[in-house]
Amino acid sequence: MANDASTVFDVVILGGGSGGYAAALRAAQLGLQVALIEKGKLGGTCLHNGCIPTKALLHAAEIADQTRESAGFGVKASFEGIDINGVHAYKDGVIGGLYKGLQGLVASRKITYVSGEGRLSSPTTVDVNGERYTGRHIVLATGSVPKSLPGLAIDGDRVISSDHALTLDRVPNSVIVLGGGVIGVEFASVWKSFGAEVTIIEALPHLAPLEDENSSKLLERAFRKRGIKFELGARFSGVEYTATGVRASLENGKQVEAELMLVAVGRGPVSQGLGYEEAGVATDRGYVLVDEYMQTNVPTISAVGDLVPTLQLAHVGFAEGILVAERLAGLKVVPIDYDGVPRVTYCSPEVASVGITEAKAKELYGAEKVVTAKFNLAGNGKSKILKTAGEIKLVQVKDGAVVGVHMVGDRMGEQVGEAQLIYNWEALPSEVAQLIHAHPTQSEALGEAHLALAGKPLHNHD
Ligand SMILES: Cc1cc2nc3c(=O)[nH]c(=O)nc-3n(C[C@H](O)[C@H](O)[C@H](O)COP(=O)(O)OP(=O)(O)OC[C@H]3O[C@@H](n4cnc5c(N)ncnc54)[C@H](O)[C@@H]3O)c2cc1C
């Protein structure tokens, strides 16, 4: 890294995760001079501690389940157990390949990559390793880290975060998963497939509580069938160490024992002690506040990704980073419609959605204006072949567009691309019903749900 102290970059970006590196790549592509500062590894949480490693574990889990169930497909195979070192080698191989590719990409775009911990020293400067980097604009993209509950210490041994879970050197016999949101249910799914006894504790009435209630209930039914236990509407009151692990207590008096406990109660912004407040950047509970163009209250400073209070998803970070880069390069940009962002929880079965829930639609449009239709995957050939159960539910504004698509079933995450086009192009059910879906695919189920909503169901038993 050669920093010419006299260089004034067009953009100095603090944090090289999904949000920061997307901003850097797009800004450089548009001809801006960019410095990207990262204290850990380029790629951030998503590549090293989030999306990619968890999805590799979930794929290994799927193979374990398929091996166990192979006789049901007429294939002779026997499941002998999980070689956790082998699983980590596979996972790390995926990460390593992507990491190398990303480093090459950043280098090829002539971005000045600075390795080190940065601190905002003014509205136009960031200090790193004793050097000062000046930018006409600064983009804050320092991301998030696992949160805990007041008084609950994560010791990294028996009480762990997702970061620890990703490098655990064994398959635990039993696990308590504190939190039934996306991260919690994905780890619960992996560990159950790997052979652990799993109990999820969730304070809200449902697993995946941000999803349409129908999807949450289908997920709960599927998890129950898989032998994953859960306590819903159960407030955690404390944990103590036992001779062999931990004992979690709930406010309702119940206790759950296990070898270890994963704390998956959400992630909080990384903004403390980084000079943000001193530079006058407005924050709320640590989140940097931005307008719909990702601009903070300080004219030279923008912020993106998990650091701002929008959906904590890698593709949201990418989109916000690109939006900022294009705005700083003088292009016309359009604010992000966060309801139109596809959301996938990659447990087995998968939960995928785009748009709004039925409850939200009723709130917005009035109950009498909201129409729904469902298609059960039992009527879908490909889902039958895969032996997966689930449902697609559509939410429509009466005589209007589809405003919500909610899907549960193995591989339904792959259908969310079509669902997002339907939502974002404000498609009418009759227009989607007109489109021919290939047979036999799971995408047909999406087509069938629209046929039902258009009043001409084909394979619907309802
Ligand atoms: C277990 C898990 C699974 C997930 N699965 C998915 C998924 O399947 N799909 C999905 O879309 N999202 C998923 N996410 C969320 C996704 O990882 C985040 O939304 C995304 O990484 C946010 O990107 P970011 O750039 O805002 O922050 P981060 O990726 O956290 O990047 C911030 C970067 O800033 C760096 N940094 C912080 N402070 C400084 C400093 N002072 N100086 C220099 N550098 C600094 C950090 O080292 C880090 O690399 C998952 C998250 C977790 C934890």
Seminar exercise, completed: Residue span ALA77 to GLU131: 0.36 nm per residue of separation minus Cα-Cα distance leaves a gain in nm of 13.5 nm
Exercise. So what are the ³J(HN,Hα) numbers for segment 145-155, from phi and the Karplus equation (6.51, -1.76, 1.60; θ = phi - 60°), rounded to whole Hz, Gly and Pro as x?
Worked result: 9, x, 9, 10, 9, x, x, 9, 8, 8, 8
Problem set entry | Pairwise label distance in nanometres, GLU213 with GLN103, each label 7 Å out on the Cα-Cβ vector | 5.1 nm
For this session: Might you work out the accessible area of HIS459 for me, using a 1.4 Å probe with all protein chains in place, and round it to the nearest 10 Å²?
Result: 100 Å²
Exercise. What area, in nm² and to one decimal, does the C-alpha convex hull of segment 365-462 cast on average over all directions?
Worked result: 5.8 nm²
Exercise. What FRET efficiency, computed as 1/(1 + (r/R0)^6) with R0 = 30 Å and r the Cβ-Cβ distance, is obtained for ALA329 and VAL145, rounded to the nearest 0.05?
Worked result: 0.45
Seminar exercise, completed: Flagged as over-length at 31 Å C-alpha distance, from LYS225/LYS382; LYS55/LYS384; LYS39/LYS229; LYS55/LYS225, the pairs are LYS39/LYS229
For this session: Over all alpha-carbon pairs of segment 180-264, lay out the pair-distance distribution in 5 Å bins, whole %, shortest bin first.
Result: 3, 15, 26, 26, 20, 9, 2, 1, 0
Problem set entry | Within straight-line cross-link reach of LYS332, aspartates and glutamates at Cα separation under 16 Å, skipping those fewer than 8 residues along the same chain | ASP291, GLU292, GLU320
For this session: Averaging sequence separations of C-alpha pairs under 8 Å and six or more residues apart, then dividing by the length of the chain, give the relative contact order as a whole percent.
Result: 15 percent
Exercise. If you average 1/r over every pair of different alpha-carbon atoms in the chain and take one over that average, what Kirkwood value in Å do you get?
Worked result: 23.8 Å
Exercise. Highest mean first, what order results for 108-120, 243-255, 343-355 on Cβ atoms within 10 Å?
Worked result: 343-355, 108-120, 243-255
Problem set entry | Accessible area expressed per residue, the chain, with surrounding protein chains retained (probe 1.4 Å, Å²) | 45 Å²
For this session: Report the local net charge at SER430: Lys and Arg +1, Asp and Glu -1, summed over other residues whose C-beta lies under 15 Å from its C-beta.
Result: -2
Exercise. Summing Lys, Arg as +1 and Asp, Glu as -1, what charge do residues with Cβ under 14 Å from the Cβ of GLU251 carry, GLU251 excluded?
Worked result: 0
Exercise. Which whole-number percentage describes the relative contact order of segment 98-185, with Cα contacts under 8 Å and a sequence gap of 6 or more?
Worked result: 11 percent
Problem set entry | Neighbourhood net charge (10 Å Cβ-Cβ; Lys/Arg +1, Asp/Glu -1) for VAL175 | -1
Problem set entry | P(r) tail fraction, segment 247-350 - alpha-carbon pairs more than 23 Å apart, % | 45 percent
For this session: Using a 1.4 angstrom probe on heavy atoms only, work out the carbon and sulfur share of the accessible area of the chain in %.
Result: 52 percent
Seminar exercise, completed: Under the 7 Å Cα-to-Cβ spin-label approximation, LEU152 and LEU204 lie apart by a distance in nanometres of 1.5 nm
Problem set entry | Spacing of the two label points (7 Å from each Cα toward its C-beta) at ARG68 and ALA359, in nm | 3.1 nm
Exercise. Mean residue ellipticity at 222 nm from the helices of the chain, using -39,500 (n - 2.57) per DSSP H segment of n ≥ 4 over the full residue count, to the nearest 500 deg cm²/dmol?
Worked result: -9500 deg cm²/dmol
Seminar exercise, completed: The correct ranking of LYS369, LYS382, LYS39 by accessible area at 1.4 Å, largest first, is LYS39, LYS369, LYS382
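The values are calculated or read from the model by the stated rules, or taken from the named source; none is laboratory data. Since the model is a prediction, treat every value here as computed from it, not as a measurement. For neighbour counting, all protein chains shown are included, and Cβ atoms are generated from backbone atoms with ideal geometry for every residue, glycine included. Just so you know, the surface numbers come from the protein's heavy atoms only, side chains and all, with ligands and any DNA or RNA stripped out. Shrake-Rupley method; radii C 1.70, N 1.55, O 1.52, S 1.80 Å.
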